[in-house]
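Everything below concerns the one structure shown next.
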Amino acid sequence: MLVSSLARELESVEERLRAEGIECVRERFRLPSRPQLSPSAGFLACAAGGFLLIGGNAAASFLAAVGGAALLLLDAYGFSPVAWLGPKETRSVLVVWGTPSDRKRKALFFGIPLRCRMTGSGYFSREETIRRAASAGGLILAFLLCAVSGGVLLVILPPLPFIGALLGTAMTVFAAREWARPLSRSDGSPNRSVSWVARLAAAGGDDFRPFLLVYSGDGA
């Protein structure tokens, strides 16, 4: 139901853009389907590291924590290796073509959500802000687990089963939250994508124009 609603809204935006004299094309991409596997796998690896620390297996705990932290760090930079190994689904996006790359400068891409609340500093979403803050907190805990398990392994720190239990439980909660996170839904904010596309398309003039991608709002 949500997907069909987004498809209809995308068609409406496409018609409005053409009415504004802005040519756009519909592109379809195969992307990892939900739930996203990489962050969940990263948090689960760190949870295993925390519980291994309880049993005094500092070496295995350190390896699991480093692997989980690496997955989370890659996911934070937009590369989700585990997610791409899972099932895919097709998504649509409207593309307003810009100036291609050349030797002097690179092509510039702007992603604009369908229903958006744009501010002077970009796209504002309270839900997304909370999610990113939680993910950043989980990444900090992952590095803390690496430091603690590494310290125990090098006999710099004494065995810390309480810390292992605490971090393992927290990482399990993070993994469950990532797995259960639903598809992004409209938060009631107005659809300003057409006005933003028109503004950005006109900003560069004929000399240089960015590529503009109007998408559903889902982070995938």
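On the stretch given as segment 44-59, residues that are over 15 Å from GLY151 (Cβ atoms) and part of a helix (DSSP H, G or I) total 7. Close Cβ contacts (under 6 Å, 6 or more residues apart or on different chains) running from residues in segment 69-88 that are farther than 14 Å from LEU44 by Cβ to residues that are charged (D, E, K, R) comprise LYS88/ARG30. Taking the criterion of being assigned to a helix (DSSP H, G or I) and surrounded by 17 or more Cβ atoms within 10 Å (Cβ to Cβ), the residues of segment 145-167 that qualify are LEU145, CYS146, VAL148, SER149, GLY150, VAL152, LEU153, ILE163, GLY164, LEU167.
When the test is whether a residue is among the hydrophobic types (A, V, I, L, M, F, W, C), at pLDDT below 80, part of a helix (DSSP H, G or I) and surrounded by 12 or more Cβ atoms within 10 Å (Cβ to Cβ), LEU17 does not pass it.
Which ones in segment 72-100 are under 30 Å from ALA198 (Cβ atoms), among the small types (Gly, Ala, Ser) and surrounded by 14 or more Cβ atoms within 10 Å (Cβ to Cβ)? The answer is SER92, GLY98.
The values are calculated or read from the model by the stated rules, or taken from the named source; none is laboratory data. Not measured: the values here are computed from a predicted model. Virtual Cβ from ideal backbone geometry, glycine too; neighbours counted across all protein chains shown.
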